Amino acid sequence: MATEKQTYTRAELEQLIEQQVAKMNKEFELKQEQREKNVVELGVQVTAKRVQKGQPIIDKTTNKQKMIGDVPQCYPDKYFVMLSASGFEFESQIDEKETFEDLEDMKKYLAVGRMGLVTNFGVTELKPIITKFTKI
């Protein structure tokens, strides 16, 4: 078996090199995206919901609750859901009241979000931060 050498024209070589460079660049971009990706997708079940009422806003000079007209001022309410996934449970804060109200107890959802640092009572923890729920 004799091996034949394949010869290329200069234009063919440049085209092959260009194709290889494009392929390597695409692979590099994919690897870079994978290194920087921060996505969490969990099948979860809502096991509990709770509302944390907003605390009064205290005026630092008078040490009394701030008032606008006759209306006492408070920080906004916070909404939390307890989510159960395969083998663990965690609590997640929900930023939008409508989303919180749409979630049904004991129903299953695909929860999508990211991992992030969450500070709760001065303790910083790495937890899933859920931004979207899709009922399944």
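The values are calculated or read from the model by the stated rules, or taken from the named source; none is laboratory data. Here the structure is a predicted model, which means the values were calculated and not measured. Heads up, the Cβs are rebuilt from the backbone with ideal geometry, glycines too, and the neighbour counts pull from every protein chain shown. Areas reflect the complete protein model, heavy atoms only, side chains present, ligands, DNA and RNA absent. Shrake-Rupley method; radii C 1.70, N 1.55, O 1.52, S 1.80 Å.
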Which of the residue pairs Lys31/Lys132; Lys78/Lys135; Lys23/Lys127; Lys66/Lys107 have a Cα-Cα distance greater than 31 Å in the structure shown?
Lys23/Lys127; Lys66/Lys107
Could you tell me which chymotrypsin sites (Phe, Trp or Tyr not before Pro) in segment 67-136 are loop residues by DSSP with no more than 13 other beta carbons within 10 angstrom of their beta carbon?
Phe121
How much accessible area does Val71 have with a 1.4 Å probe, in Å² rounded to the nearest 10?
80 Å²
Taking the highest mean first, how do the peptides 29-38, 111-120 order by number of other beta carbon atoms within 10 angstrom per residue?
111-120, 29-38
What percentage of the solvent-accessible surface of the chain, computed with a 1.4 Å probe over protein heavy atoms, is contributed by carbon and sulfur atoms?
52 percent
Here the equivalent ellipsoid of the chain, derived from its Cα gyration tensor, has semi-axes (largest first, whole Å) of 55, 22, 13
Which FRET efficiency value, to the nearest 0.05, is calculated for Thr124 and Met67 with the Förster distance at 30 angstrom and r the Cβ-Cβ distance?
0.30
Taking the 0 to 90 degree range and rounding to the nearest ten, how far is the long axis of helix 10-36 tilted relative to the main principal axis of the chain, both from C-alpha atoms?
20 degrees
Quick one: what does P(r) look like for segment 76-136 with 10 Å bins over all Cα pairs, in whole %?
19, 57, 22, 1
